[in-house]
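The values are calculated or read from the model by the stated rules, or taken from the named source; none is laboratory data. Fair warning: this is a prediction, and the values are worked out from it, not measured in the lab. Every residue, glycine as well, gets a Cβ built from its backbone with ideal geometry; the counts of neighbours run over all protein chains shown. The area values use the complete protein model at the heavy-atom level, side chains included, leaving out ligands, DNA and RNA. Shrake-Rupley method; radii C 1.70, N 1.55, O 1.52, S 1.80 Å.
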Amino acid sequence: MSSVVNTTATSAEISAIQGSEGLLGPVLARTVVCLLSLLFVWRAWRFTVLPFLHPDQPKEFPYWIPFGLGKTHLANTGELMLARSYLGNTDDPFALTAFGMTFYVVTQAKHSAEVYRNTETLSFEAFVQGLMRINGNDEDIIKAVYTALPADKTGFPNPQGESLGVLAQRMHAHQLHPGENLAALQKQVQAWVDGHLNLADLASFPSVASTSPASIEVPLYQWCSEAFIQLGQDVYFGETLAGIDPALPAAFLAFDELIWKMLYRYPGFLSGDMAAPRARVIASLNRYFQVPPGQRRGGAAWLVNAMEDEMRAIGVEGKNLAIVVFHLYLAINTNARKTAFWMLSYLIHNPSLLAAYRAETAAAFGPSGALVDPLLIQEPARCPCVDAVWHETLRVSGWAASVRLVTADTVVGGKRLRRGGCVVVPHRLLHLDARVVGARPDCFRPERWVPSKAGGGDARAGLARSPAWRPFGGGKTMCSGRFLARYSVTVFVAALLRRFDVQLVGDPPFPRADEGRPVLGTMSIKEGDDFPVRISLRA
Ligand code: HEM
């Protein structure tokens, strides 16, 4: 009996389903046709009709998904070149939409100069405020940091009555531009390199794969990053911070490799792997500022102490203070570690270049191997190879871009950029332009920076002074750390090569840069491309 009932019910269900399928087919087809037609109309309107109606606005690279392009477009030179050539290769600013935001890409040196001159409607501050917001600063704190302060306030001089956010740029320069404050930091770097570049200390980093009495084996990218972040952290904050969280450099590194999720404002459910180490760095900085000043200040740079005083004076405390200083920690560490890695990689893969670098810098060391004259390494006339390798590493491995928020409609390069968009000046396009840097721009050729060898139409002797050469950005936000960066990287590499032999283990290929991954200056390597090296004591 029950089986008859069941059979009858099943037949009824089957015919119901068949009926609905009969209806569903045409409904689905009509919906798809309707949606596709809408998409075609939207695309034709946006990328054909609108540009025709508004020829004064930058042409936009077309896309199919209304939210815009993916993450690789803005960070990938090849794709930017493709977009530019698709739009007619005119050198005019052009537009890209990614993640719902319009980015105006400026590719000409003279247009980028217009961007740098305009501090009224192209705002760097708005970009920094965006970073403060996504990293967790409260709105009232952001407002306080960007509220004009009295010209006669105590503390760091403020003759123009600027906000602390703007004044911070002057404070960076006060610490980092040539002068006694920079010299004090350079002395700290010298002491760190001299005191820590020994086998026992180098073997203590977490990535070390194996140790023996006279050598260690390490994955170069990971190890060099750990060592360099430790250096930057110790020099700026003293050893108190390492005491609070010995694994802080590793946490920062984990965050920094995923920084693109922060830059593209990935939602929380997709960015936990970036947010967790970021939270740890901020929590450790928060604990650092809770240590009574008398117990920690001696080891910290002037800037860290001055920034703390200025921030506390306007009510920025606790986690908010830690987040502000987190941005400083980021600026100090994100690019220098990667530049040191790329420089070492190029040298290790070019033994004759490595020998020249070692020979040139030998005079900076005393007979016992102590670093006695690090400033010699900074002199292009005495160390032309170091100078050329430094410039060529920045050129080939750099992805510096200047970013400004458009706060009111603004004309750049004859095109009107609309309020709310973002201007991006991707310097790498010019750094890879044969008209600017000479033949074979995609190859690592340090000789293009040596005036006597740069002839034959290769590169101009004045390349380093060209307005197209911007590895550190430009305008009033040009990297204030560039002198310290060069000093730290070239001295670290010189001391490492002086005391150790650094050799490839096996025959790994040269690592590839992960060009599609957005960064704030120097490119990371592609996942899986780290390679082992043996670092052994030299006789
Ligand atoms: C090779 C290593 C480095 C590279 C390639 C680099 C690159 C850059 C770039 C591209 C900018 C943005 C410029 C712009 O918006 O136009 C920048 C800004 C900045 N960098 Fe660096 N940087 C390096 C190392 C450092 C170091 C070691 C420090 C600190 C000790 C530092 C501190 C800063 C600061 C504070 C800013 C913000 C500018 C300001 O507000 O004053 N940088 N850097």
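Using a Förster radius of 35 Å, what is the FRET efficiency between Ile134 and Gln160 based on their Cβ-Cβ separation? Nearest 0.05, please.
Numbers: r = 29 Å, r/R0 = 0.82.
It comes to 0.75.
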For the Cys34, Asp442 Cβ pair and Förster radius 45 Å, calculated FRET efficiency rounded to 0.05 is 0.45
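Please work out how much length the chain gains when fully extended from Val291 to Arg117, using 0.36 nm per residue of separation minus the C-alpha to C-alpha distance, in nm with one decimal. Intermediate results must be reported in sequence, preceding the final value.
Numbers: separation 174, 0.36 × 174 = 62.64 nm, distance 4.21 nm.
58.4 nm is the gain from fully extending Val291 to Arg117.
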Sequence-distant residues sharing a close amide H with Val412 (under 5 Å, placed H): Leu417
Shape verdict for the chain, please, from the Cα gyration tensor: rounded (a/c under 1.5), prolate (a/b greater than b/c) or oblate. prolate
Of Lys59/Lys261; Lys153/Lys319; Lys143/Lys338; Lys187/Lys261, which ones are farther than 29 Å apart at the Cα? Lys143/Lys338; Lys187/Lys261
Carbon-plus-sulfur fraction of the accessible area of segment 332-401, 1.4 Å probe, in percent? 62 percent
Between Arg43 and Ala200, the FRET efficiency computed from the C-beta separation at R0 = 45 Å comes out, to the nearest 0.05, as 0.10
Each residue of segment 523-539 in order: what ³J(HN,Hα) in whole Hz does its phi give by Karplus 6.51 cos²θ - 1.76 cosθ + 1.60, θ = phi - 60°, with x for Gly and Pro? 6, 7, 9, 5, 4, x, 9, 4, 9, x, 10, 9, 10, 10, 4, 7, 4
Place a +1 charge on the Cβ of each Lys and Arg in the chain and a -1 charge on the Cβ of each Asp and Glu, then give the dipole magnitude about the Cα centre in debye, rounded to the nearest 20. 1020 debye
Within 10 Å of each candidate Cβ there may be at most 15 other Cβ atoms; applying that plus a DSSP loop requirement, which GluC sites (Glu not before Pro) in segment 115-184 survive? Glu120
Can you put Ser368, Ser466, Ser37 in order of accessible area, largest first, using a 1.4 Å probe? Ser368, Ser37, Ser466
Ordering Met307, Met81 from largest to smallest accessible area (1.4 angstrom probe), what's the sequence? Met81, Met307
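Between Arg416 and His54, 0.36 nm times their residue separation minus their Cα-Cα distance comes to what?
So the chain would gain 129.4 nm between Arg416 and His54.
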Length gained if Glu180 through Asp529 is fully extended, taking 0.36 nm per residue and subtracting the Cα-Cα distance, is 121.6 nm
Per-residue [θ]222 nm for the chain (sum of -39500 (n - 2.57) over DSSP H runs n ≥ 4, rounded to 500): -16000 deg cm²/dmol
1.4 Å probe accessible area per residue over segment 254-371, in Å²: 37 Å²
